[in-house]
Amino acid sequence: MIRTHHIYVLIAALIALAPWFFPESLITIVNYAGLFGLVSIGLVLLTGIGGMTSFGQAAFVGVGAYTSAYLCTVSHWSPWMTLWIGVGIAVFIALILGSLTLKLAGHYLPLSTIAWGLSLYYLAGNLQFLGGHSGISAVPSIEFFGIPIDSGRSFTYFVWFCVGVALWLSSNLLSSREGRAIRCLKGGRTMAAAMGVNVPLVKLKVFVLASVLASISGWMYVHFQRFVNPTPFGLNYSIEYLFMTVLGGAGFLPGAILGSGIITALRELLVEYLPALVGQSGNYETIVLAILIIFILHRAPDGLWPRLMKLFKIQESSSFTVESVKVNSPLEKKSSKHFKGESLLVLEHVSKRFGGLLAVNDVSFKVKAGEILGLIGPNGAGKSTTFNMLSGVNPASTGQVTFLGQDITNLESYQVAAMGMSRTFQHVQLLPHLSVIENVAIGAYLRCDAGYIKSMLHLERDQESQIITESMRLLKRVGLDKHANTLAGNLSLGDQRILEIARALCSDPVLLLLDEPAAGLRLKEKEDLAKLLDQLRQEGMGVLLVEHDMDFVMGLVDRIVVMEFGEKIAEGVPSEIQSNPVVLEAYLGSAEA
């Protein structure tokens, strides 16, 4: 079986031999592919995995290039000193842009990065101290430990060494606690927040990281070219960086290298041979390149790298598998014990209004430690809306929600999760392209503290080992341990619901909110689920359960709250609810009919 690290070794060998055997023209293409690949790695993290589109990466490249060019030629600073200054400026700008736009949904980030990219392009072209459109020349070359990097061949080793480091750091990050949070940004933000992930902060961190990689690429570019003007930092180059990323495979780090290499080589070939074929000069390479990209993406919408993985049976190298990390002690429990009967969650006259629609009206009830409370009612009764109010997805319009004695009415989901509340979802929310054990590990986010630096440098391995051990313990508890390394998307719907429960338990909650956990389960699976919930009750955990299977509910829960049309119409033990005429008319009776 070929793994991605075997591909990296092959690329490294080719790069090591290239300066000895390639002509100068090919060496230049290899160097540019490395520079562009560094930007594309950032876009894989930001766009392909994080789901955020930026049209301003070329502008961040320009920040690194212009900062170093100006400080080296005017102030005669060391190129290495200017690297840190350029990165600092890029981080500052990314923090401002990200803080203003990343909390908003939709098109705000792409539009803001377009505006930012255009502004830098015209600013650099009109400021005389930056050389205007003529640019800055006579930029000094770099020295690396006393070795001058003043030729294309020596630059090859330097730029690809930096690309290799970036790939290693990024790969480490993606296989860590923070990397799993990044993977949740594309299609799993609500779930991630329910597991304690501060989604806006994670988005900002990824945006800043991509800007840093682009800035470093610009710094290397200017010392390779020894000259800079605004042309390579316009909007068209930002679009080309996105093309490279998408063409190679936006969700895969090797795709960044593949896409940048293909487009760089194609552009150089088209620039050289097209004028002779057409019979006149012009930017025909852009037209041909666009047509080729459209054709390739039509045939391979996920990019070329996934196709190559399937064709040559390449498997991604993952450090997060049961076999890859030594067994360690499970994570320490953080949730404090609560006495049976102690109030955990209290709703007092809670209502939720969406414009003119009153979805939930004046609902009050309590959930206690060591009990299972069932929340039932017909479709459209407001049960899921109530769940969303409790977990911080949609805060209540009026009334108060108290958890562990603290008012959580207006808290965000990740803040509520940090207090010890975890949940599952009516419509399963998993990351189907990750393994079962990796999905469970997302729940452990709040129980660990390794940040980006530790993760990228692989200094969090002991903690990751604990997470794997804890995740396996919970998979065994719910009966999914034999599927630990299976992709979550390949599980049946019933197993996916059980997986969600394991993930929620991995956060070590005080209170567990289950939204229709028995839906899609067979009879034996329902019996096993009932046994698990009974064990959690015996351990002192509170459980709030929304479910339509009345046989499952009546034989399991301690108390029941019944809702209809957004209002609570009854509350009591199962025997009282089953004989309540109002409930029979509204729900149970109609169900029997």
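Read-outs throughout are calculated quantities, based only on the coordinates presented, and are distinct from any laboratory measurement. These figures come from a predicted structure and were not determined experimentally. Cβ atoms come from the backbone with ideal geometry, glycine included; neighbour counts cover every protein chain shown.
Just a few scattered comments:
- Within the shell defined by Cβ-Cβ distances under 11 Å, the residues around Ile263 carry a net charge of -2, with Lys and Arg each +1 and Asp and Glu each -1.
- Rounded to 10°, Cα long-axis angle of helix 253-278 versus longest principal axis of the chain: 40
- Cα centroid separation - the stretch 529-593 against the stretch 242-267, whole Å: 54
- Where GluC sites (Glu not before Pro) in DSSP loops with at most 12 other Cβ within 10 Å are excluded, longest remaining stretch of the chain: 1-322
- Cα gyration tensor shape for the stretch 2-315, rounded if a/c is under 1.5, else prolate or oblate: rounded
- Using alpha-carbon coordinates, inclination of helix 79-101 to the longest axis of the chain, degrees: 40
- Within straight-line cross-link reach of Lys333, aspartates and glutamates at Cα separation under 17 Å, skipping those fewer than 8 residues along the same chain: Asp449, Asp462, Glu464, Glu470, Asp508, Glu539
- The alpha carbon centroids of the stretch 1-60 and the stretch 369-388 are separated by 51 Å.
- Lysine-lysine proximity count for the stretch 2-315, Cα under 15 Å, sequence distance 8 or more or distinct chains: 5
- Fewest-first sequence of Trp77, Trp305, Trp116, Trp219 by Cβ atoms within 10 Å of each Cβ: Trp77, Trp116, Trp305, Trp219
- Per-residue Cβ neighbour rank within 10 angstrom, fewest leading, Thr386, Thr409: Thr409, Thr386
- Note on the stretch 343-592: lysine pairs with Cα distance below 30 Å, sequence gap of 8 or more or different chains, count 27.
- Rounded tilt (10° steps) of 235-248 against the dominant C-alpha axis of the chain: 60
- Loop-resident sites, the stretch 144-192, for chymotrypsin sites (Phe, Trp or Tyr not before Pro), counting at most 13 other Cβ within 10 Å (DSSP): Phe145
- Ranked list, fewest to most other Cβ atoms within 10 Å of each Cβ, for Met541, Met81: Met81, Met541
- For the pair the stretch 441-510 and the stretch 111-167, the centres of their Cα atoms are 42 angstrom apart.
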